[in-house]
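The values are calculated or read from the model by the stated rules, or taken from the named source; none is laboratory data. As the structure is a prediction and not an experimental result, all values here were calculated from the model. Cβ placement follows ideal geometry from the backbone for every residue including glycine, while neighbour counts extend to all protein chains displayed.
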Amino acid sequence: MEIGFIGLGNMGGPMSRRLVEAGHKLTVFDTRKEAMDKLVALGAQAASSPADVASRVETVMTSLPSLDIGMKVVNGENGLTRGNRIARYIDLSTTGSRAAVKTAEILKARNIVQIDCPVSGGVGGAEKGTLAVMTSGPKDEVEQVRPALEVFGKVFYCGDKPGMAQSMKLANNFLSATGMAASSEAIAMGVKAGLDPSLMCDVINAGSGMNTATTQKFPRSVLPGTFDYGFGMALMVKDVRLFLAEAEDYGIPVEVAKAVGSLWETAMKENGEQSDFTELAKTVEKRAGVTMRAAKKA
Ligand code: NAD
């Protein structure tokens, strides 16, 4: 099918590449020219703005880094609502349900259907097409674009109300954020007690403490000290803040989330917005007075 794709970053880059490789005709836009050039080299058409994308195709996907940018792309001066062909907007970003409800209303007034479609599974999942793809919106519309979404991974339908898939995604990312925070503290404690952090991950992964921090984030980015997992610190902090806001909206008590959120806020202050989210481990290391690196092989 003909698809517009806006936001060709860590996630949008490989996801749009997979769509081209699956035979879809893509029109792309990103504020970074080099990101567009890569897709154009694969056969995609370059557009000059979100409005230009929305004037060329009916189905537009976005994968953007912040709520403000998302809103600007939808309804800004050169936003999607200024285009005259768009009929369907699929947002792959994590925005939380408040923002999803707001954009759905703006778009509905212009006869544009919104499908919320946040994804989970990281850059590796985006590259391999093994993401969890969470959808909400009109079911028939989701079914119509299912073949394109299946290029990204396993598609789940979460409900018809705007934002339902976003609530699902925030629950998931809160658990991911908590796993990273709690695993960092657990491994720091063990290292202080004299344990080897690589051994600790092996034991935890054979036991009941296993989670994606110990199976993937530590082995790939913390133990080797590369801190290059591909998910920005600011994005994780955004997601934890959104989870806290969502919980407040629904009146859910969240003691664990508040503590986890506070550690992530400290990690962003210390390591910077542009740091990789695995650098939260550095903040825990600093406080504990340990280093959680794998021993160099002899
Ligand atoms: P990213 O920062 O790597 O990519 C964002 C892209 O948007 C960049 O290429 C940037 O140039 C482009 N952009 C910025 N402003 C723009 C504008 N006004 N118009 C057009 N393009 C613009 O972010 P990412 O890691 O790819 O994340 C995108 C979304 O996916 C976020 O909502 C994030 O929370 C979510 N997400 C990320 C991951 C991950 O592991 N990185 C996993 C799941 C979900």
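Things worth noting here:
- Among the candidates Leu26, Leu67, residue that is modelled with pLDDT of 95 or more and within 23 Å of Glu273 (Cβ to Cβ): Leu67
- Single unsatisfied condition, Asp30 versus (1) free of Cβ contacts under 8 Å to residues at least 24 places away in the same chain; (2) near the ligand (Cβ under 10 Å from one of its atoms); (3) of a type in the set (D, E, K, R): (1)
- Between Glu127, Glu141, the distinction of being within 16 Å of the ligand (Cβ to nearest atom), part of a helix (DSSP H, G or I) and of a type in the set (Asp, Glu) belongs to Glu127 only.
- With respect to the conditions (1) assigned to a helix (DSSP H, G or I); (2) not assigned by TED's automatic domain parsing to the domain that holds Val240, Val155 falls short on a single one, namely (1).
- Of residues in the range 110-124 being away from the ligand (no atom under 16 Å from the Cβ) and closer than 18 Å to Gly70 by Cα, the one surrounded by the fewest Cβ atoms within 10 Å (Cβ to Cβ): Arg110
- For beta carbons closer than 8 Å, sequence separation of 6+ or different chains, a first residue in the range 109-131 that is without any contact (Cβ under 8 Å) to a residue 40 or more places away in the chain and a second that is of a type in the set (Ser, Thr, Tyr) and part of a helix (DSSP H, G or I), the qualifying pairs are Arg110/Thr81; Ile112/Thr81.
- For the range 69-99, a residue qualifies if it is assigned to a helix (DSSP H, G or I) and among the aliphatic types (A, V, I, L, M), and the qualifying residues are Ile69, Met71, Val73, Val74, Leu80, Ala99.
- Scanning the range 147-158 for residues that are among the hydrophobic types (A, V, I, L, M, F, W, C) and without any contact (Cβ under 8 Å) to a residue 24 or more places away in the chain yields a total of 1.
- Check on Phe227, in contact (Cβ under 8 Å) with a residue 12 or more places away in the chain, assigned by TED's automatic domain parsing to the domain that holds Lys108 and within 18 Å of the chain's Cα centre (by Cα): no
- The residues of the range 159-181 that are without any contact (Cβ under 8 Å) to a residue 40 or more places away in the chain and closer than 16 Å to Ala257 by Cβ, listed by number, are Leu175, Gly179.
- Criterion applied to Leu64, Leu19 was being touching a residue at least 40 places away in the same chain (Cβ under 8 Å), under 23 Å from the mean Cα position of the chain (by Cα), within 11 Å of the ligand (Cβ to nearest atom) and crowded, with 16+ Cβ neighbours inside 10 Å, and the one residue passing it is Leu64.
- Flag for Gly96 being buried (at least 21 other Cβ atoms within 10 Å of the Cβ) and either at pLDDT 95 or above or within 12 Å of the ligand (Cβ to nearest atom) (or both): yes
- Of all the criteria given as (1) touching a residue at least 60 places away in the same chain (Cβ under 8 Å); (2) crowded, with 17+ Cβ neighbours inside 10 Å; (3) not basic (Lys, Arg), the one not satisfied by Ala234 is (2).
- If only residues of the range 38-50 that are more than 10 Å from the ligand (Cβ to nearest atom) and part of a helix (DSSP H, G or I) are counted, the one that is surrounded by the fewest Cβ atoms within 10 Å (Cβ to Cβ) is Ala41.
- In the range 1-16, the residues that are closer than 17 Å to Pro147 by Cβ and in contact (Cβ under 8 Å) with a residue 60 or more places away in the chain: Met1, Ile3, Gly4, Met15
- Some residue of the range 68-76 being surrounded by fewer than 24 Cβ atoms within 10 Å (Cβ to Cβ), among the basic types (Lys, Arg) and in contact (Cβ under 8 Å) with a residue 12 or more places away in the chain: no
- The residues on offer are Met180, Met210, and the sole one that is within 26 Å of the chain's Cα centre (by Cα) and within 16 Å of the ligand (Cβ to nearest atom) is Met180.
- Condition check for Ala35: surrounded by fewer than 24 Cβ atoms within 10 Å (Cβ to Cβ), near the ligand (Cβ under 10 Å from one of its atoms) and in a helix (DSSP H, G or I): yes
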